[in-house]
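Q: Once you've had a glance at the structure underneath, I'll fire off some questions.
The values are calculated or read from the model by the stated rules, or taken from the named source; none is laboratory data. None of the values given here were measured: they were computed from a predicted structure. Here the Cβ is made from the backbone with ideal geometry for all residues, glycine too, and neighbour counts use every protein chain on show. Ligands, DNA and RNA are excluded from the accessible area calculation, which covers all protein heavy atoms including side chains. Shrake-Rupley method; radii C 1.70, N 1.55, O 1.52, S 1.80 Å.
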Amino acid sequence: MSERTFRSGCAYWPRRKGPFFLAGEFGGWDVGAFDQGEIRDELSHLAEVGFDFVRVALPWEAAQPDPARLRTALLDHLVAVLEAAGAAGLTVQLTALGQLGGTLFAPDWLLAREPEAAGRPVQARLISNGWEAPWPLANLYENRNLLSGQRYLWQEIGANLASHPALAELDLSAGGLLTAAPPMHRDAPFGWWEQLAEAAASGPSLPLLYSDRTALLTRPGLPPLEEWQDATGALALSLAAPHAGEDGRADEAWPRFLLLLARTLAHAPIACSSLGLPAQGQGPRDGEPRAALYTEDEQARFFSEVLPALHADGVPFVCHAAWADAPPELAATPPYDRDLSLRHAGLLRADGSEKEAVQSWQRFHARAKPEEAGREARRLELDEEEWYVRRGEAEYVATLYKRFRNGEL
């Protein structure tokens, strides 16, 4: 990201296995045998579309059964993915799968068995060992034992894998813990981040990234974005949740507004960690909200409009939300069982055939010039003091967005 050249990527897991594919046949996440040939074929297909990196999530619970132990077989699977990505001409952005689709997946050693150890109530369903957790989540940001476990994870990753030529970045956000498990105190994320960053930097140097949904924009009481940028070094926002206009259609201007708003408040390049629009061939089924699911031609039209605009606005990279729709056999498995959008977020259908949106990405890749990204990164003409005074107020955000659509910002 420091070179400020544009890159495009896609969050990846094999379409028939789901996001826990690295776990193989371990414990509660029995997703079938790890298939390196399947991964090679899919990553080659992904590269043919024109992507140059993939975002891969290490399943936290399966990878780290104890605070000071990692499963070596699972790490071997990760190395196999790195090798397959490198062979396809792709690099890998690595994170830990903590929160996905409104569900928080936590190792049982992150649970608070004593009431006094609990953090604030999580704003997501909490799953551990394959079941809804019987205890609340501990205070991730201040409990020393839990911090040592997270430190160990990233220290081992940094020391053993950072020198791999296909590994390009480490995203330490665990899928957005600030969204699902907000801190007790405003400054707690800084101490949490500093410990993780120190551990991850113990090996060869890699860019460190923090990505969350819009927590850093909308959570009252969190440090201002400018301070967070100084503490993290790099930020990325997830723009996967579409904004529907008055006619129910996807609003192509909304992702640009969030990007420009974040950049204005952070005074630094802001990337897009997850851009998507859920779609299925026939559009929404009876009883499903219009804003949750779109037709495939609407999805293609959305990307045809948004991608060139984000590139022109100087985004350093943009990452699609998911490679493929969930197969029917995983529809009852968390997080798909409660997240219809994630189930239909892919560029491929569940049977592996391409949606029309793939052509939108291919046309974009053919025209986008990497060296042009970031030259004239746009910002909004916004009173930042008023933003922080009124932070998190939905009406104020709606007012700003209306002004943006009218060309007043």
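Residue-wise test of (1) among the β-branched types (Val, Ile, Thr); (2) in a helix (DSSP H, G or I).
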residue	(1), (2)
Phe51	no, no
Glu61	no, yes
Leu75	no, yes
Val92	yes, no
Thr95	yes, no
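Q: Cβ-Cβ under 7 Å, sequence separation 6+ or interchain: first residue in region 60-76 and more than 12 Å from Leu22 (Cα to Cα), partner of a type outside the set (Lys, Arg) and open to solvent by 10 Å² or more (accessible area, probe 1.4 Å). Which pairs?
A: If the second residue must be of a type outside the set (Lys, Arg) and open to solvent by 10 Å² or more (accessible area, probe 1.4 Å), the pairs left are Gln64/Leu70; Asp66/Trp109; Pro67/Trp109; Pro67/Asn145; Pro67/Ser148; Pro67/Tyr152; Ala68/Tyr152; Leu70/Glu156.
Q: Another one. For region 42-56, which positions are closer than 21 Å to Leu330 by Cα and either surrounded by fewer than 20 Cβ atoms within 10 Å (Cβ to Cβ) or modelled with pLDDT under 95 (or both)?
A: Across region 42-56, there are no qualifying residues.
Q: Considering (1) at negative phi; (2) in contact (Cβ under 8 Å) with a residue 60 or more places away in the chain; (3) surrounded by 21 or more Cβ atoms within 10 Å (Cβ to Cβ), say which one Ile39 fails and leave the rest.
A: (2)
Q: Name every residue in region 351-409 that is open to solvent by 70 Å² or more (accessible area, probe 1.4 Å) and among the basic types (Lys, Arg), in order of residue number.
A: Matches in region 351-409: Arg363, Arg367, Lys369, Arg375, Arg378, Arg379, Arg390, Lys402, Arg403, Arg405.
Q: Hey, among Leu140, Leu146, Leu104, Leu170, which residue is within 24 Å of Leu330 (Cβ to Cβ) and either part of a loop (DSSP other than H, G, I, E, B) or out of contact with any His (no Cβ under 8 Å at 6 or more places or on another chain) (or both)?
A: Leu104
Q: Something else: When you scan region 98-108, do you find a residue that is of a type in the set (D, E, K, R), more than 20 Å from Gly191 (Cα to Cα) and at pLDDT below 90, even just one? Walk me through it before giving the result.
A: Looking only at region 98-108, we keep the residues that are of a type in the set (D, E, K, R), and these are 108.
Checking which are more than 20 Å from Gly191 (Cα to Cα) leaves us with 108.
From what is left, the residues that are at pLDDT below 90 are 108.
Looking through region 98-108, at least one residue is of a type in the set (D, E, K, R), more than 20 Å from Gly191 (Cα to Cα) and at pLDDT below 90.
Q: Pairs, please: C-beta under 7 Å, at least 6 apart or cross-chain, first residue on the phi < 0 side of the Ramachandran plot and in region 176-198, second among the small types (Gly, Ala, Ser) and crowded, with 19+ Cβ neighbours inside 10 Å?
A: Cβ pairs passing all conditions: Leu177/Gly98; Leu178/Ala215; Thr179/Ala215; Ala180/Ala124; Ala181/Gly119; Met184/Gly119.
Q: Filter region 157-189 for residues that are open to solvent by 40 Å² or more (accessible area, probe 1.4 Å) and not small (Gly, Ala, Ser); which is farthest from Ala231 (Cα to Cα)?
A: So in region 157-189, the residues open to solvent by 40 Å² or more (accessible area, probe 1.4 Å) come out as 159-160, 163, 165, 184-187.
From what is left, the residues that are not small (Gly, Ala, Ser) are 160, 165, 184-187.
Working: Asn160: 25, Pro165: 26, Met184: 18, His185: 16, Arg186: 13, Asp187: 11 Å.
If we take residues in region 157-189 being open to solvent by 40 Å² or more (accessible area, probe 1.4 Å) and not small (Gly, Ala, Ser), then Pro165 is farthest from Ala231 (Cα to Cα).
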